[in-house]
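To start, the structure under review is shown below, and the notes come after it.
The values are calculated or read from the model by the stated rules, or taken from the named source; none is laboratory data. This is a predicted model, so every value here is computed, not measured. Cβ: placed from backbone, ideal geometry, glycine included. Neighbour counts: every protein chain shown.
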Ligand SMILES: Cc1ncc(C[n+]2csc(CCOP(=O)(O)OP(=O)(O)O)c2C)c(N)n1
Ligand SMILES: Cc1ncc(C[n+]2csc(CCOP(=O)(O)OP(=O)(O)O)c2C)c(N)n1
Ligand SMILES: [Mg+2]
Ligand SMILES: [Mg+2]
């Protein structure tokens, strides 16, 4: 099968869906050159640097029967647009009693690892999870990003896709044939029986490597939720009930992270709690702004070694 | 002792500290009339409706050796200022290697209960907790708001005070004598041995009433963290280790809430986990935008009855 | 009756409908019968009426926190509005929105909004949609003087300008944002300097004169429909009530100023004109008013007898399906 | 040597220092030796040099993502800058900030910033502080043409206007935001129309002519110091490199345009003038250049030999104590 990059796969999803739906529009501060070539500059607009207004315009387009895609690039650039995303896009369907649909896709890159420093490396998905009304994607492979974005482009709701910056150029096999990936279905990346590792975003790859490293000694199940809202609670809980051990890996800062949510979810579920054999562990970004200099940056974000430590720790802990 | 309202107590804190420090400035889109009368309109400024810039101006003032206070009123109005709060105020001390101090106090009201609907009722503190570099207050009584704001007004860092709208006119005794409340010290509002209830914001009051209702039957310990960053982990963990049962009550939407964080904190702490006798429970706002109409609004936010149910549930659950 | 007269009577009727609807609300709010925050449109009726008379159902408008007038002028149903304001299940938003969030997409009313300035970018999207549809439809956005100090004002003007969007900006300059005077809060002095700087054509009108609003809006909308790009209409006006209807809230505006503007009542002054010109007789006015009062009473009765939503209804409509 | 000449030589020296510093960086970045994003100031040196020559250490500046020139012109230390850009512990921010976040509060450089437009409101606070201090100090803020489309631009102009803040707005109009032409992205056509609409006095200068920048900035700063309120200086210029220094990034600007602007090199053209007027001889230029090159080399060597921060240093400086 052909291999394409994560970024190419995302682009293909948009191309395919834009071909089907002439009432779809794309906005970004950078030229989306190949989209513009195919669909023309009426539908593919370069915009001024005014992110809050782009998202606002997307809402107005959507409320007028169009589908709007906004590429905000880095998540922190989107911080100037949080009002339109959180006060409006998230609430407008509900506030108006469901009388209109708001099919909007907003894309942003997340994550550290390239010395982007504090203003260019954030992973803020949990704050969006706290605002009901948005669907939230965190695709981790070229295959997934294409399938999830294609689903997003058929969804009648605001969807935010958080795409790890560091994965943009990674390549895997992606079929030419059309496919969709449903929201709320986690990918069990590796089956195991001793410990459940739920790994988000780029950490899904690190977790798989860690799992491979203890192959034969510890049987690790690696779950990549793929979408955070809706979250595939069932797959996570089922796995934890089986293994009795939970490690959640997330590049974002730990406090009030998606990882904390997953731990809370598992532990406050009575049958799951009853089967827990060890305290759950979080391997998260440290609670500091991302520092610029490589040794410090490396220190604050999780990696394979830290994941391994947590897996081994979970195994060592005596059952309660 | 004299009684004053929550709002008056907050105001007194500012007055007292502004008397001490002539290099302190207050900005708000509404006139802060009594402050303006005492300190003059040079230091107490009415501003245009441009929240992002007010917070930006506060950062510039702080970086120039002033102390800046911004009253944004409702938290959702502050959503247009999230860029300055999260990308700048939170990170600027760190990004610049600590070479300057940024003494800023930002005040916002939070919470539902007055048919303000989705855009006027949010409780977004958890999203700020996910952004390291801010200190976060959630004062629940006139006494506390005064003491905490006075501490904030001596702190060399950006502090955000989330003040439950519904508490603004509640009255309690507040001493005339000067006092300060340190950050990171929870208030144990009621001692108990059967179950720990950590209750945030307005829910601290509901939880106390619930605890009183089961007095003699269930011995409930009620903890009000008062500050979310820093969070008094020790008091919470100590209590949970003692009671073996945890109920966290938070008006905010459940997913990725401060309540989820507290559950994750307690369960991922090994000795605390070992002493848990029941799955922890969260009594939170439902994951919906706040609806306008009273019957629906009442349904989505926690109240005494829901807290009682959770307390009883925690007692009923068989130990693991 | 000349066709011109018909338009004038319609304008009058729309204004009076807004007035009576709002008067009813004022009474109910102060009697404690209505939950939440209600921002009264009384004093500004000529603007919604004069502008919306030029819009079809396909033209889309975006409103702000003071939005009842825009709903009525755009053709929304009084019953469902009143029911929404009361938080009833039969309301436009099934009780989920309330006064500040009434929308009627079926008549092109894309919603009121409680965040100052936020409607401006949203309206650029509605105008963008009309541009892509290419049927000569337009969008209009209503906002206050206070909203002009939010950055979104600048961004929306710029976006509309560079893309030549079919968008009518309608600034309802009632000279205050809550208690802060525009004269204090705005360096430009004249709001219209800003759109002009963005090369957007601009007219300032006396917003209490419905004929003037109607005339200028008419040529503006016609120009926009022909592809002329955005237009900016600043309407000078005044609100009669406090920022929102509440015992607690202070009104710091000079009492004499309010009295002066009450003498410039958009409804009474237009009524006087129409009577002077013989377009409306006192009897005819009585008939119109009676009919409006009856409709408002019906709306009110409808709201009162409508059921509240079930608590569990709160779990619906988070997402569209 | 006349005192005028002294100023001219200083301006020249500042510009050449920026140029040499940036040239060194370009080499190092493309050799893969520097982490993160580096935005080169080459081509715009006259602006930082001409403006900052009028500022004392008590005057505060706020910069943007393309900030090295402002740091150097405001008197920051090359060694600590270079060390920061390399992520070393001896850097201005102890390696926590990198190229985009250099600050030196001791010389009134309040920091570069990576979020487009965000420095504008921050600078209003710095100017507000100067106003309250009442010593005749000023603040200056540097920003690009692209930043003028963010709402914060509008808000900062307005705030500075209504409060008559001692603030010099310096727009470095290099005609593009990444690859998007200002001519496309801006409805106003001329940026200066916007501050004028806010009643802020405004001058447009050729930003590659350091004497012109220096002269106009001088009278602007003098006026601000006397309490005249904000002033807006638009400097027309061009950047010589890609948006940031990276193999991967495309530069979609016309090659001929870049060539044309390279012929308008601010450093070379000024050098030619000074030689023509006899202010600088070739030998003197050589001496100046040699000294600068040596300083840059020293800075570079300092950066290289400085230690990296310890990983655990990441846990420091989250809060001040
Ligand atoms: C972003 C934001 N800031 C503040 C508020 C609170 N608020 C509601 S209406 C209003 C005044 C708006 O003034 P203007 O735009 O002139 O409209 P008017 O009320 O005069 O019709 C304010 C400050 C808000 N809703 N949103
Ligand atoms: C809010 C925000 N949006 C987008 C970006 C990405 N970005 C960085 S610099 C830049 C272009 C800025 O153009 P301009 O202000 O003209 O400055 P120049 O780079 O030309 O000096 C963009 C889009 C950002 N950093 N912040
Ligand atoms: Mg107003
Ligand atoms: Mg530029």
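So here's what we get for this one:
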item: Yes/no for residue D:197 being without any contact (Cβ under 8 Å) to a residue 24 or more places away in the chain and closer than 13 Å to residue D:154 by Cα; result: yes
item: Residue within the range D:16-34 that is at positive phi and modelled with pLDDT of 95 or more present; result: yes
item: Strands (runs of 3 or more DSSP E) wholly inside the range C:129-219 that include at least 3 residues being within 16 Å of ligand 1 (Cβ to nearest atom) and crowded, with 24+ Cβ neighbours inside 10 Å; result: C:139-144, C:167-173
item: Answer residue from the range B:169-182, given it is in contact with a strand residue (DSSP E or B) (Cβ under 7 Å, 6 or more places away or on another chain) and in a loop (DSSP other than H, G, I, E, B) and is nearest to residue B:72 (Cα to Cα) among those; result: B:169
item: Residue count for the range C:99-121, restricted to those that are facing another protein chain (nearest Cβ under 7 Å) and more than 16 Å from the chain's Cα centre (by Cα); result: 1
item: Residue C:75 vs. criteria within 16 Å of ligand 3 (Cβ to nearest atom) and touching a strand residue (DSSP E or B) at 6+ places or on another chain (Cβ under 9 Å); result: no
item: Conditions (1) closer than 16 Å to residue C:47 by Cα; (2) within 15 Å of ligand 3 (Cβ to nearest atom): number failed by residue C:214; result: (2)
item: Close pairs from the range D:136-156: first more than 9 Å from every other protein chain (Cβ to nearest Cβ), partner assigned to a helix (DSSP H, G or I) and within 12 Å of ligand 4 (Cβ to nearest atom), Cβ under 6 Å, at least 6 apart; result: D:145/D:182
item: So residue A:65, is it surrounded by fewer than 23 Cβ atoms within 10 Å (Cβ to Cβ), touching a helix residue (DSSP H, G or I) at 6+ places or on another chain (Cβ under 7 Å) and under 21 Å from residue A:96 (Cβ atoms); result: yes
item: Residue selected from the range B:254-284 under the condition out of contact with any helix residue (DSSP H, G or I) (no Cβ under 6 Å at 6 or more places or on another chain) and touching a residue at least 40 places away in the same chain (Cβ under 8 Å), by the criterion farthest from the other protein chains (Cβ to nearest Cβ); result: B:277
item: Qualifying residue in the range D:170-177 (condition: under 20 Å from the mean Cα position of the chain (by Cα), under 26 Å from residue D:8 (Cα atoms) and more than 16 Å from ligand 2 (Cβ to nearest atom)); result: no
item: Qualifying residue in the range B:295-302 (condition: within 14 Å of chain C (Cβ to nearest Cβ), within 26 Å of the chain's Cα centre (by Cα), surrounded by 23 or more Cβ atoms within 10 Å (Cβ to Cβ) and free of Cβ contacts under 8 Å to residues at least 12 places away in the same chain); result: yes
item: Residue D:316 in contact with a helix residue (DSSP H, G or I) (Cβ under 9 Å, 6 or more places away or on another chain), surrounded by fewer than 16 Cβ atoms within 10 Å (Cβ to Cβ) and over 30 Å from residue D:176 (Cα atoms); result: no
item: Residue match in the range D:266-287 (condition: touching a residue at least 24 places away in the same chain (Cβ under 8 Å), within 22 Å of the chain's Cα centre (by Cα) and closer than 15 Å to residue D:174 by Cβ); result: yes
item: Yes/no for residue A:249 being surrounded by 24 or more Cβ atoms within 10 Å (Cβ to Cβ) and either under 23 Å from the mean Cα position of the chain (by Cα) or in contact (Cβ under 8 Å) with a residue 40 or more places away in the chain (or both); result: yes
item: Residue in the range A:206-215 that is in a loop (DSSP other than H, G, I, E, B) and not assigned by TED's automatic domain parsing to the domain that holds residue A:132 present; result: yes
item: Subset of the range D:34-65 [within 14 Å of chain A (Cβ to nearest Cβ) and within 20 Å of residue D:233 (Cα to Cα)]; result: D:63, D:64, D:65
item: Residue satisfying condition, being touching a strand residue (DSSP E or B) at 6+ places or on another chain (Cβ under 9 Å) and more than 16 Å from ligand 4 (Cβ to nearest atom), within set D:148, D:171, D:202; result: D:202
item: Close pairs from the range C:292-305: first in contact (Cβ under 8 Å) with a residue 40 or more places away in the chain, partner buried (at least 21 other Cβ atoms within 10 Å of the Cβ) and outside any helix (DSSP H, G or I), Cβ under 8 Å, at least 6 apart; result: C:303/C:86; C:303/C:88; C:303/C:91; C:304/C:86
item: Every residue from the range D:160-194 that is over 26 Å from residue C:163 (Cβ atoms) and either within 16 Å of ligand 3 (Cβ to nearest atom) or without any contact (Cβ under 8 Å) to a residue 12 or more places away in the chain (or both); result: D:162
item: Checklist (1) closer than 12 Å to residue D:43 by Cα; (2) outside any loop (DSSP other than H, G, I, E, B); (3) touching a residue at least 60 places away in the same chain (Cβ under 8 Å) applied to residue D:240, failing item; result: (2)
item: Filtered residues of the range D:98-128 (kept if part of a helix (DSSP H, G or I) and under 21 Å from residue B:51 (Cβ atoms)); result: D:119, D:120, D:121, D:122, D:123, D:124, D:125, D:126, D:127, D:128
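So that you can scan it fast, the table gives a plain yes or no per residue for (1) loosely packed, with under 15 Cβ neighbours inside 10 Å; (2) at pLDDT below 95; (3) within 20 Å of the chain's Cα centre (by Cα); (4) within 14 Å of another protein chain (Cβ to nearest Cβ):
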residue	(1), (2), (3), (4)
D:229	no, no, no, yes
D:239	no, no, yes, no
D:294	yes, no, no, no
D:298	yes, no, no, no
D:308	no, no, no, yes
